[in-house]
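What follows is one structure encoded as structure tokens, with my remarks underneath.
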Amino acid sequence: MNMSKFAIAILFTVLSLGACKKDQSVEGDKTHPKADNIEVGTANNETGVIGRDFHFNAEIIAGYRIDVVQIKITPRAGATYSRPWDYTVEWPEYKGAKNATIHKHFDIPTTAAEGIYDFLIIVKDENGSVLEVKKTIRIYDPGNLPVDPTLSVLNLHIGGTPYYRNGAFVTAGLKLKKNDVFSAQAAIENVIGNGKLYLLMINKKENYRPESIDNIDFSKVIVYDVYEHKDWPSAGSFSNFVFNLATFQTVRNIPDLSIGAAIDNNAPTPNPITGTKSWTSGDYYFVVLYKNQTYNLSLYQYLELGIDFN
């Protein structure tokens, strides 16, 4: 064998051994995937409602690369239900990723049966390892909820003039301007016990969308208003505007917030509007966050509006 053929043979052998070693390391790496920051249900309350939105979040780190991410809702052993039902959701878009933040919303199907279920989070890795995390969730028929917070009123004003009401902007495309006096009324129906309401403004550039009062990062939000109810013995309507019909007097008025103000309306201590949340021209969210602390049930709603700060 001449030297050129010998060199080629040696090179081929080295490359072959390297490929085999690489393949073996992948096949032999059985490091299991991991899941952190798991949230099951709005505000991680492990509760679902038939026919309504359900929240799921998890941060996945693969052992090698993600193959399959899925959740399964399955009947619990020994439990009884009004009808057979189970549910599987799979998200193929994460295949091949080393890590991923899974933030998903889906409706609990109308075919679901009320009851307590096993909630399985399953991550299969391309190296053959599997992670399975089991949680417990309770699924309610809407009519059987102990409390059913529902946003019934959301009215926004500029200088006392209606800006948004009845689900629509009064003038499409109208932006808030520097020194405009902004105010808002929100009302939540069907509440009881203890609950707390936050009304926030968030610049969209923050890329931040909290869905629970428990997750508010006050370094990123401008608090327009915060108000709570305590020890309500029966279901009623809760609002940040309170008017006593018996005395025909206002008990609590909605606050004002000037666009460009140096501090917000957080209570008991207002926060400075500085840093990344400083006022700028751009698109903002107006956010309604309410949590019934007695029954650990929450609601949130986002509304997009524009600010012209020039």
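We did not get these values from a lab; they are worked out from the coordinates using the rules stated. Source: prediction; values computed, not measured. Cβ sites come from the backbone with ideal geometry, for glycine too, and all protein chains shown count toward neighbours.
The length gained on full extension between residue 301 and residue 189, counted as 0.36 nm times the residue separation minus their Cα-Cα distance, comes to 38.9 nm. Note on the chain: GNM, Cα springs under 10 Å; of 45, 144, 244, the largest mean-square fluctuation is that of 244.
Relative contact order of the chain, please, whole-number percent, based on alpha carbon pairs below 8 angstrom and at least 6 residues apart.
Working: 705 pairs, mean separation 48.9, N = 310.
Result for the chain is 16 percent.
P(r) for the range 34-143, from all Cα pairs and a bin width of 5 Å, is 2, 12, 23, 23, 16, 12, 7, 3, 0, 0 %, short bins first.
With the convex hull drawn around the C-alpha atoms of the range 171-263, the volume per residue stands at 154 Å³.
In plain terms, the chain from residue 246 to residue 31 could stretch by 70.6 nm, reckoned as 0.36 nm per residue minus the Cα-Cα distance. Averaged over residues, the count of other Cβ atoms within 10 Å places the peptides 297-304, 268-275 in the sequence 297-304, 268-275, highest first. Taken along the Cα-to-beta-carbon direction at a fixed 7 Å, the label points for residue 263 and residue 166 span 3.9 nm. Counting only lysines at least 8 places from residue 104 when in the same chain, those with an alpha carbon closer than 24 Å to its own are 34, 72, 95, 124, 134, 135, 204, 205, 220, 291.
Once you reduce the range 41-82 and the range 235-301 to the center of their Cα atoms, the two points are 32 Å from each other. Only Cα pairs under 8 Å and 6+ residues apart enter the sum, and on that basis the relative contact order of the range 186-310 stands at 34 percent.
With neighbours defined as other Cβ atoms within 10 Å of a residue's Cβ, the residues 52, 83 order from fewest to most as 83, 52.
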